Amino acid sequence: FRLTHDPTNKPTIAVQTGEPTTIPTSEPTGKPTAKPSANPTVSPTEPECTSFKFLLMTDNNGSEISWRIYDTETGQGLVNNINQQYANNAFYDWEWCIPHGANYRLEMTDLGLDGICCQNGIGYYQGVLDEVEIFSGGKWTGRNDYRTFYLDATGTVSYTHLRAHETR
């Protein structure tokens, strides 16, 4: 094969035997096509995060239940469902991506002071991080139940369970 070039810049291929294949190239100009930037731009990176699901099954008194998840260092709410009205004996689930490198706390509140299991129905809550359950509960007395967990920079979790009467 022989690659030839005509003046209209349309390459053609001619078949010839016994000759090596040659491909013409244009001569380099010696000049770059664009100047390199003295201040290259850097794309911002999003913080790493991991999929987190929160599941809630209410008891016979869904209107007495509220919950929130917040960063224990800053107090900033990750999710705040305190003013939400829940139906009785109903299932709810939420999912979002939570940032790595923070200490989080779930605060469950029951205005009936009897938890969400077992005096007034079979309610529960569950936290699932990257498809693995990291906490669950429902039976408590008093106003609040807490679950605290730390998500390190790699997304590895460590967690502890703290009751309302315990301190950290």
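The residue list Ile65, Ile69 contains one member that is buried (at least 16 other Cβ atoms within 10 Å of the Cβ), among the hydrophobic types (A, V, I, L, M, F, W, C) and within 16 Å of the chain's Cα centre (by Cα), which is Ile69.
Confirm whether Tyr86 is open to solvent by 50 Å² or more (accessible area, probe 1.4 Å) and either touching a Pro at 6+ places or on another chain (Cβ under 8 Å) or of a type in the set (Ser, Thr, Tyr) (or both). Criteria not met by Tyr86.
The values are calculated or read from the model by the stated rules, or taken from the named source; none is laboratory data. Because the structure is a prediction, the values reported are computed rather than measured. Every residue, glycine as well, gets a Cβ built from its backbone with ideal geometry; the counts of neighbours run over all protein chains shown. When the accessible area is computed, the model is the full protein with side chains, heavy atoms only, and any ligands, DNA or RNA have been set aside. Shrake-Rupley method; radii C 1.70, N 1.55, O 1.52, S 1.80 Å.
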